Amino acid sequence: MRAVTQKPGEWVDGFLFVANRPILDLLSTRPVLAQGPVELLPDVQALERWLVASGMVRSAKAKSLMRGRQRSREAALFLKGLVAFRERLRDAVLRIEGGSTPSDEFIEEVNRGLLQHPLMTALHKQEGRIVREPLFDPQRPADLWIPIFDATANLLREPEVRRLRKCEGCAVHFFDTSKKGSRRWCSMNICGNKFKVAAYQRRKRDGDQVPLR
Ligand SMILES: [Zn+2]
């Protein structure tokens, strides 16, 4: 699926990752194209690919759990819940970008999720230091909510909310981690160049110095 002209890292296994926050990239799994919205998570197999591509599921054990439960009702329920949650998250992100805050209902939903699916952590030694790291050891499909709610909570409490924005050329949301904080596009490859060409053509059209052919 990956086109050779696409920058490595922007597309992984057919999914777009440009947001610097996988939870924001989740919003791009339902892009609105010319023919209307397209669901990129139509089944559990696609969901499994996205969870691995996003890095939300990393360990071999977690991957094999997902594979073993692909056809289970629990996995189907998780997928159904997640695609509905994705749209409520989209609404929360749009509200933040509009200078407001997410609805109280959404905050309550995330709080319930954090209580029901808490992220455990553990200490271990690394190069002579003690580090504290997430301990994510899913036993059932519903445990996949753990990284979803954790990442959502981290996004919502983000202090630099002005860095959360929508691409000027499309509907992709991203978190601007650039030093200057002046990123405007989801990606230079996808929208940046398109805008530069359009601006160049406009200048050419409007400029009286440009000879007409
Ligand atoms: Zn864009």
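What follows is calculated from the coordinates using simple rules that are stated; it is not laboratory data. Predicted, not measured: the structure shown is a model, and the values here were computed from it. Neighbour counts run over all protein chains shown; Cβ positions are idealised from the backbone, glycine included.
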Kindly provide the trypsin sites (Lys or Arg not before Pro) of the range 1-101 that DSSP labels as loop, not H, G, I, E or B, and whose Cβ sees at most 15 other Cβ atoms within 10 Å. 2, 58, 71
For the chain, set up a Gaussian network in which alpha carbons nearer than 10 Å are linked by springs, and say which option among 78, 175, 195 fluctuates the most. 195
Which shape class, rounded, prolate or oblate, goes with the range 21-142 when its Cα gyration tensor gives a ≥ b ≥ c as root eigenvalues, a/c under 1.5 marks rounded, and past that a/b bigger than b/c marks prolate? oblate
Given 38, 81, 120, which one lies farthest toward the positive end of the charge dipole of the chain, if we put +1 on the Cβ of every Lys and Arg and -1 on the Cβ of every Asp and Glu? 38
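Give me the dipole magnitude in Debye, nearest 20, for the range 73-213 about the Cα centre, with unit charges on the beta carbon: positive for Lys and Arg, negative for Asp and Glu.
That gives the range 73-213 a dipole magnitude of about 1020 debye.
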Among 147, 134, 102, determine the one that fluctuates most according to a GNM of the chain built with springs between C-alpha atoms less than 10 Å apart. 134
Percent antiparallel among DSSP beta bridges confined to the chain, nearest 5, equals 95
As a check on your grasp of the helix formula, calculate [θ] at 222 nm for the chain: sum -39500 (n - 2.57) over DSSP H runs of n ≥ 4, divide by the residue count, round to the nearest 500. -13000 deg cm²/dmol
Select from 16, 119, 135 the residue whose mean-square fluctuation is largest in a Gaussian network model of the chain (Cα-Cα springs shorter than 10 Å). 135
Set the Förster distance to 25 Å, then compute FRET efficiency between residue 142 and residue 103 from the Cβ-Cβ distance, nearest 0.05. 0.55
Shape parameters for the chain, alpha-carbon atoms, Rg then Dmax in Å: 20.1, 70
Report the FRET efficiency, 1/(1 + (r/R0)^6), for residue 64 and residue 178, where r is their Cβ-Cβ distance and R0 is 45 Å, rounded to 0.05. 0.75
Length gained, residue 201-residue 163, 0.36 nm per residue minus C-alpha separation, equals 10.7 nm
For the range 1-90: rounded, prolate or oblate by the Cα gyration tensor [a/c cutoff 1.5]: oblate
Are there trypsin sites (Lys or Arg not before Pro) in the range 106-212 that DSSP puts in a loop and that have at most 11 other Cβ atoms within 10 Å, and which ones? 157, 179, 180
